[in-house]
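Structure record follows, encoded as structure tokens.
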Amino acid sequence: MTRLLKPFLLYCLPVLFYLALILGLSSISNLPFRLSPGLHLDKVVHFFEYAILAFLVARAVAAMSWPAQGWAIWLVSSLLVLAVGCADECYQSIVPNRSSELLDLLADGLGGMVGSGLYLFFRFRFRG
């Protein structure tokens with residue numbers, strides 16, 4: 001495998017697949033399930049959806065030669081995930097029967113920060 005292809009397949013491709021999954025789910029006008037609006041379970045779903053994305057993004061960022069510091073990996077991956085969340089909320093605002101909410105973006109951002117932090121925790125805790 002070439003020097004550039006292997007890192008792409010190991011680190012970037014999972015991020016791209018997961019982004020495609022998010023885009024696909026955001027494109028569905030009528031989801032086959034309804035979450036109770038009073039319980040705000042959709043915010044929990046957003047949180048975990050973006051925490052997973054952030055974990056994958058932090059893993060990809062850490063695999064690059066920059067940034068070497070943990071705080072920089074956390075910051076870059078958190079901001080990238082927040083940008084994706086913002087773009088996703090904007091996209092959902094034009095999808096029929098979907099809505100865009102500031103609280104969804106907040107859940108996306110918090111999930112991004114936690115997912116990036118979890119990646120760093122596992123990276124430094126189980127470094128071999």
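Note on segment 40-84: residues that are over 8 Å from the mean Cα position of the chain (by Cα), in contact (Cβ under 8 Å) with a residue 60 or more places away in the chain and farther than 17 Å from SER100 by Cα total 4. Residues in segment 85-114 that are without any contact (Cβ under 8 Å) to a residue 40 or more places away in the chain, exposed (fewer than 14 other Cβ atoms within 10 Å of the Cβ) and over 20 Å from SER29 (Cβ atoms): LEU102 alone.
Only one of the numbered conditions (1) of a type in the set (Ser, Thr, Tyr); (2) modelled with pLDDT under 85; (3) under 14 Å from the mean Cα position of the chain (by Cα) is not met by SER36, and that is (3).
Output yes when any residue across segment 78-94 is in a loop (DSSP other than H, G, I, E, B), farther than 30 Å from PHE8 by Cα and either out of contact with any Lys or Arg (no Cβ under 7 Å at 6 or more places or on another chain) or at pLDDT below 95 (or both), and no when none is. Talk me through it step by step, then tell me what you get.
Residues of segment 78-94 that are in a loop (DSSP other than H, G, I, E, B), as a first pass: 93-94.
From the residues that got through so far, the ones that are farther than 30 Å from PHE8 by Cα too are 93-94.
Of the ones still in play, those that are also either out of contact with any Lys or Arg (no Cβ under 7 Å at 6 or more places or on another chain) or at pLDDT below 95 (or both) are 93-94.
So far as segment 78-94 goes, yes, one or more of its residues are in a loop (DSSP other than H, G, I, E, B), farther than 30 Å from PHE8 by Cα and either out of contact with any Lys or Arg (no Cβ under 7 Å at 6 or more places or on another chain) or at pLDDT below 95 (or both).
The conditions of being within 30 Å of PHE126 (Cα to Cα) and modelled with pLDDT of 95 or more are not met by ALA60.
The values are calculated or read from the model by the stated rules, or taken from the named source; none is laboratory data. What you see is a predicted model; the values in this text were computed from it and never measured. For neighbour counting, all protein chains shown are included, and Cβ atoms are generated from backbone atoms with ideal geometry for every residue, glycine included.
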